[in-house]
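Q: Sharing a structure here in structure tokens format.
Read-outs: derived from the displayed coordinates by stated rules, not from any lab. Worth saying up front: this structure is predicted, and the values here are computed from it rather than measured. Neighbour counts are summed over all protein chains in view; Cβ atoms, including those assigned to glycine, are modelled from backbone coordinates with ideal geometry.
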Amino acid sequence: MRRRAILVAAVALTIGGAAPRIAVAASAPPDNPTGSPTGNAGALVGSAPPGSVTSPPRADDASARPPQIGVASRVPTAIRLRRLAIAADVTELGMDDSGAWQLPDAGVGWYWFTATPGTPGNAVMVGHFDTWWGGQGPLARLHEARPGDRIDLDLVTHAPDPDADGAAADGHVETIGYAVATSKLVDRTDVSSMEATDDERLTLVTCAGWWSFTLNDYTMRRVVTATRTS
């Protein structure tokens, strides 16, 4: 599929009033042999449910996390599911000027306005299953995840540099672990898995189901949730 959400299904989904729109990475469903025509893409566009995110501040560059002067920042940089041979860099994602949640150009994307990994809450990450030229994306085997599978997430903590007006200094790297708890298929308009939670959770999302020429999208999403173990 194309890396940019060029072919988008316009779905008006309202859950509890106005909220930020969300664009979730589309992919050829690994548990569906039909797939889509090579090069086509789909993305879910709807409203995030109440409590799923705190609306990020809008700015000229809505993808950028606003600076927190004098505050240490902790960001994920890599993810691994060893049993599935999944290994990818993690980048931060925000919202574009239209209010849609961005998609990663490569690797896996973490929405910085969801929970920060390693802290209570629901850290939401998305990734492509395939590429516009027909290759595999980083989450091509996500449908094979089983309860108990370990997920390793590398985090970098950047301490504020008092000599650089709050700029982050070189950071400390640590690895935290999660265990897969659930793996399920949901409708393309179902964003309930992205709601905020009280537990320390990681949610991975890609696409599945059947390709619809009418929708220019896949009909389902594969959602894997994992809980913190170490």
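Q: All other residues with a Cβ under 9 Å from the Cβ of THR225 taken together, and with Lys, Arg as +1 and Asp, Glu as -1, what is their net charge?
A: It works out to a net charge of +2.
Q: Give the peptides 107-117, 90-100 in descending order of average Cβ contacts within 10 Å, highest first.
A: Ranked by mean Cβ neighbours within 10 Å, highest first: 107-117, 90-100.
Q: Okay, moving on. Suppose each label sits 7 Å from its Cα in the direction of the beta carbon; what would the TRP132-ARG146 distance come out to in nanometres?
A: 3.8 nm
Q: Run the quick spin-label model on SER98 and TRP210: label points 7 Å from Cα toward the beta carbon, then report their separation in nm to one decimal.
A: 2.7 nm
Q: Could you work out how much longer the chain between ASP89 and LEU185 gets when fully extended? Use 0.36 nm per residue separation minus the Cα distance between them, nm to one decimal.
A: Length gained, ASP89 through LEU185: 32.1 nm.
Q: A follow-up question, please. Once amide H atoms are placed 1.01 Å from N in the peptide plane, what residues at a sequence separation of 5 or more from ILE86, or on another chain, have their amide H within under 5 Å of its amide H?
A: LEU81
Q: Under 5 Å between amide H atoms, partner at least 5 residues away or on a different chain: which partners does CYS207 have, H built in plane at 1.01 Å?
A: Sorted by chain and number, the residues that satisfy this are SER27, PHE129, ARG222.
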